[in-house]
Amino acid sequence: MLAFSTQLIGQTEKALNALLRTVLLDRRLSEREWVALRLTSQFEGPGTLVETIRDSAHFTDAADLLSGLEARGLVVDEALSPAGADLVAEISREIGALTEPIWASIAPADAEAAARALDSVLTQTRALLRG
């Protein structure tokens, strides 16, 4: 078992991303586009959607990414279009079905401890990025 470290977090992220890519492949959607769609589905301001995508996902080309999703009819006026909302719901269900056995196999106390540890890593990393 790997120790709790950047290596463990990185390998976990890569494995989960590989699963995600299998779901996105048939929909001709990149991981970056998926992230932008998910952020759009949760967007309530403040600021603009482009700023939210740029700042949350660290995508410096957020405007171009969003323009591509608008051209595909998935985003309209800083919100998901009906087609975009349907696609996000469909992909979310498929990802949920694939990963549910993973989450179900983790004891609740272990999941809570992992959530606390990862939340701490995320909070501190964001603080470092903000300078």
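Read the figures in this text as sums done on the coordinates, not as results from a lab. Bear in mind that the values here come from a model prediction, so they are computed numbers and not experimental data. Glycine gets a Cβ as well: all are built from the backbone with ideal geometry, and neighbour counts include every protein chain shown.
Okay, here's what the table says:
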read-out: Residues within the range 23-66 that are in contact (Cβ under 8 Å) with a residue 60 or more places away in the chain and of a type in the set (S, T, Y), tallied; value: 0
read-out: The range 73-113, residues that are in contact (Cβ under 8 Å) with a residue 24 or more places away in the chain and either hydrophobic (A, V, I, L, M, F, W, C) or over 18 Å from L24 (Cβ atoms) (or both); value: L74, V75, E78, A79, L80, A85, L87, V88, I91, I95, L98
read-out: Hits in the range 109-131 - residues which are farther than 22 Å from A15 by Cα and either in a helix (DSSP H, G or I) or touching a Cys at 6+ places or on another chain (Cβ under 8 Å) (or both); value: A109, T123, Q124, R126, A127, L128, L129, R130
read-out: Those residues of the range 48-65 which are part of a loop (DSSP other than H, G, I, E, B) and in contact with a Leu (Cβ under 8 Å, 6 or more places away or on another chain), in sequence order; value: H58, F59
read-out: Residues that are outside any strand (DSSP E or B), under 17 Å from the mean Cα position of the chain (by Cα) and within 13 Å of A36 (Cβ to Cβ), drawn from the range 66-90; value: L66, L69, L74, G84, L87, V88
read-out: Residue among R126, R116, R54 that alone is surrounded by 15 or more Cβ atoms within 10 Å (Cβ to Cβ), basic (K, R) and over 17 Å from L24 (Cα atoms); value: R54
